[in-house]
Amino acid sequence: MNDGTGVQGDAPGTYGDHYNQTQKVPRRNNLTRHRMSTLEDLAERVERLLLRHEELKRTNTLLEQQLAAVAAERDSLRSRLGAARSRIDALIERLPEPTLTDVVTGPDSGADA
């Protein structure tokens, strides 16, 4: 049955039985390693998420600055457009009123005569 080499190890109290009992320890260590690995993976993921969060905050700040610049440019263009409209309206007001003759014959008909 057991020749002392520990090869068979089926009988209780033999070298083989001791070997089987010590096998449980590596399984526990393996489980502990797995848990540690899982915790390390989780910690790495949290670190990556924190870095990504900081990156997104910086990107958001830059986008807010760009938005403010574009909004200021839009407001400036609106103001310039309003001023241009006012100048055009003033020029239109300075134009002479068309007369009945201008309406019927056209404005250039009197210049050739």
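The numbers here are math on the coordinates, done by the rules we state, and not lab data. Everything numeric in this text was worked out from a predicted model, so none of it was measured. Here the Cβ positions follow ideal geometry from the backbone for every residue, glycine too, while neighbour counts run over all protein chains shown.
Summary of values
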item	result
Phi to ³J(HN,Hα) by Karplus 6.51 cos²θ - 1.76 cosθ + 1.60 over region 42-56, Hz, x for Gly, Pro	5, 4, 4, 5, 4, 4, 4, 5, 5, 4, 5, 4, 4, 4, 5
Least to most buried among Arg58, Arg94 (fewest other Cβ within 10 Å first)	Arg94, Arg58
Where labels lie 7 Å past Cα in the beta-carbon direction, separation of His53 and Glu93 in nm	6.0 nm
Residue (of Leu62, Ser37, Ala72) at the positive-pole extreme of region 32-73, dipole from beta-carbon charges	Ser37
Net lengthening on full extension, Asn30/Thr101 (0.36 nm per residue, minus Cα-Cα)	14.9 nm
